[in-house]
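Working notes, beginning with the structure itself.
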């Protein structure tokens with residue numbers, strides 16, 4: 001849309017494995033907390049939730065099937081989301097959890113980071129997740145990367161580590177840091193979810209575009225998380241609450257999106273073909289007014305940041 005003011009700072013929250021499912025008691029997203037409800041104009045997150053279309057606030061479902069048979073998967077879904085190119089169609093199928101071989105050259109040239117970097121100052125793109133030493137050791141041995149880490153690596157966006165967590169310049173994948181201490185015996189600051197949200201907002205202010213990935217939702221949908229869906233959604237709600245404490249809709253833009261459905265149907269472990277939630281809240285939200293599928297998000301964001 002013409003004459004849209006570009007936001008000063010963008011925070012992209014990528015939440016793996018949540019779809020807009022039926023409004024039934026078994027669906028954990030029927031009981032989102034107050035901050036997530038605020039992002040849907042004070043409603044739960046289901047297929048019956050009315051879309052929001054306001055000057056600085058959009059909420060809607062996006063197609064994650066990409067007109068390809070089968071159940072959407074993380075590899076092609078995330079590659080499509082973060083490139084604006086239908087990577088499932090290129091691969092001829094949904095594929096995951098890692099990038100398909102046909103997606104890697106797409107991300108090398110058309111990922112969100114690659115597309116906006118030429119128009120921004122150095123270090124204006126940030127990936128907020130931190131990774132423990134074992135992650136880097138395994139990647140060095142196998143050269144097998146997730147979509148988000150591959151996007152960062154290909155675009156020379158720094159992958160953050162233990163020292164960044166200790167300095168307050170990153171977040172752990174579990175938001176609060178307890179998994180590093182309990183499973184890896186690595187001492188890092190233990191945060192409440194609200195503190196993590198405030199820390200993420202502070203980090204956002206140091207870059208033009210900041211991406212943060214949370215995937216415990218998908219693990220819970222597959223029955224592989226030690227956390228209950230209620231605990232996970234409570235944690236995410238408080239994280240968003242911490243972000244919104246100082247958030248300025250006149251200057252900042254918050255995006256939230258997923259790659260495929262999963263958690264919303266806890267009675268089955270495979271993914272779903274449900275639409276995924278998309279939120280654009282703040283300055284420039286109307287740039288996404290025409291978005292109907294995963295491939296529409298990155299092109300709209302690139303136009304907003306580079307025009």
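Just so it is clear, none of the values below were taken in a lab; they were calculated from the coordinates. Since the structure is predicted, the reported quantities are computational estimates derived from the model, not experimental observations. As a convention, Cβ positions derive from the backbone with ideal geometry for all residues, glycine included, and neighbour counts pool all protein chains shown.
Based on Cα positions only, what radius of gyration and what Dmax would you give for the chain, in angstroms?
17.7, 52
At 0.890 mPa s and 25 °C, plugging the Kirkwood radius over alpha-carbon pairs of segment 186-299 into Stokes-Einstein gives what diffusion coefficient in µm²/s?
Rounded to a whole number, D works out at 156 µm²/s.
Relative contact order (percent) for the chain, with alpha-carbon contacts under 8 angstrom and 6 or more residues of separation?
Worked out over the chain, it gives 36 percent.
Give me P(r) over segment 17-170, computed from all C-alpha to C-alpha distances, binned every 5 Å, as integer percentages.
Reading the bins upward from 0: 2, 9, 14, 14, 15, 18, 16, 10, 3, 0.
Peptides 115-126, 76-87: what's the order by average Cβ count within 10 Å, highest mean first?
76-87, 115-126
I'd like to compare 92-99, 293-300: which one has the highest average count of other Cβ atoms within 10 Å, and what's the full order after that?
Taking the mean over residues of other Cβ atoms within 10 Å, the ranking is 293-300, 92-99.
Need one word for segment 1-86: rounded, prolate or oblate. Basis is the Cα gyration tensor (sqrt eigenvalues a ≥ b ≥ c); a/c below 1.5 gives rounded, then a/b vs b/c decides.
Oblate, since a/c reaches 1.5 and b/c is not below a/b.
Starting from the Cα gyration tensor of segment 91-166, take the square roots of the eigenvalues, sort them a ≥ b ≥ c, and report rounded, prolate or oblate (rounded when a/c is under 1.5, otherwise prolate if a/b is larger than b/c, else oblate).
oblate
Please work out whether segment 104-209 counts as rounded, prolate or oblate from its C-alpha gyration tensor, where a ≥ b ≥ c are the square roots of the eigenvalues and a/c under 1.5 means rounded, while otherwise a/b larger than b/c means prolate and anything else oblate?
Since a/c reaches 1.5 but b/c is at least a/b, the shape of segment 104-209 is classed as oblate.
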